[in-house]
Amino acid sequence: MTNEMTDDMGQPTSFSFSKARRLTHASEYERVKRDGLVRRGKLLMLSTAVVENSGLSRVGFITSRRLGNAVTRNRVRRRLREIVRRHQHDLRQDFWIVLVARRDAVKASYRSLEDEWLRLARRASILL
């Protein structure tokens with residue numbers, strides 16, 4: 001059961017990004033790495049794998065120590081999570097997605113991160 005609800009017009013009304021919408025286990029990340037397709041950008045790297053009958057798309061975020069200290073990595077991760085949360089209702093179902101922040105993502109604006117996410121998501125054909 002999810003907390004995704006729709007109004008009379010079928011539009012989503014819930015904009016939370018619950019833990020159920022995220023990849024949380026190393027085995028899930030490994031599966032995307034093993035079976036997925038990779039799209040590379042200047043700021044982000046997007047890996048996607050089709051997972052039959054998994055329902056709503058699930059997303060995982062990777063911010064390695066190469067980006068900087070914990071504060072820096074958490075800031076990038078929070079931005080990415082917010083970007084995906086705002087566009088979660090545009091995602092096709094049955095996809096597992098891993099978003100890897102590259103070094104330039106630290107200095108990038110929110111807007112440029114969002115533009116890159118949308119560009120890579122379109123290239124990966126995961127948007128409705």
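Could you check, for the range 89-96, whether at least one of its residues is modelled with pLDDT under 95, open to solvent by 10 Å² or more (accessible area, probe 1.4 Å) and assigned to a helix (DSSP H, G or I)?
Yes - at least one qualifying residue is present in the range 89-96.
On the given criteria, is Ala101 surrounded by 15 or more Cβ atoms within 10 Å (Cβ to Cβ), over 21 Å from Arg31 (Cα atoms), under 15 Å from the mean Cα position of the chain (by Cα) and hydrophobic (A, V, I, L, M, F, W, C)?
In short, no.
Sort out which residues of the range 51-69 are exposed (fewer than 11 other Cβ atoms within 10 Å of the Cβ) and assigned to a helix (DSSP H, G or I), and write them in order of number.
Of everything in the range 51-69, those that are exposed (fewer than 11 other Cβ atoms within 10 Å of the Cβ) and assigned to a helix (DSSP H, G or I) turn out to be Arg65, Arg66.
Is one or more of the residues making up the range 73-85 farther than 25 Å from His25 by Cβ and either out of contact with any strand residue (DSSP E or B) (no Cβ under 7 Å at 6 or more places or on another chain) or surrounded by 15 or more Cβ atoms within 10 Å (Cβ to Cβ) (or both)?
Taking every residue of the range 73-85 in turn, none turns out to be farther than 25 Å from His25 by Cβ and either out of contact with any strand residue (DSSP E or B) (no Cβ under 7 Å at 6 or more places or on another chain) or surrounded by 15 or more Cβ atoms within 10 Å (Cβ to Cβ) (or both).
Between a residue in the range 75-86 that is touching a residue at least 24 places away in the same chain (Cβ under 8 Å) and any residue that is of a type in the set (S, T, N, Q) and surrounded by 15 or more Cβ atoms within 10 Å (Cβ to Cβ), which pairs come within a Cβ distance under 6 Å, given they are 6 or more apart or on different chains?
Listed pairs, sorted by first residue: Val76/Thr63; Arg77/Thr63.
Among the residues of the range 11-20, is any among the basic types (Lys, Arg) and either at pLDDT below 95 or open to solvent by less than 40 Å² (accessible area, probe 1.4 Å) (or both)?
Looking for residues that are among the basic types (Lys, Arg) and either at pLDDT below 95 or open to solvent by less than 40 Å² (accessible area, probe 1.4 Å) (or both), one finds at least one in the range 11-20, hence yes.
The values are calculated or read from the model by the stated rules, or taken from the named source; none is laboratory data. Keep in mind the model is a prediction, meaning the values are calculated, not measured. Reconstructed Cβ throughout: ideal geometry from the backbone, glycine too, with neighbour counts over all protein chains shown. Please note that ligands, DNA and RNA were not included when accessible areas were found on the heavy atoms of the full protein model with its side chains. Shrake-Rupley method; radii C 1.70, N 1.55, O 1.52, S 1.80 Å.
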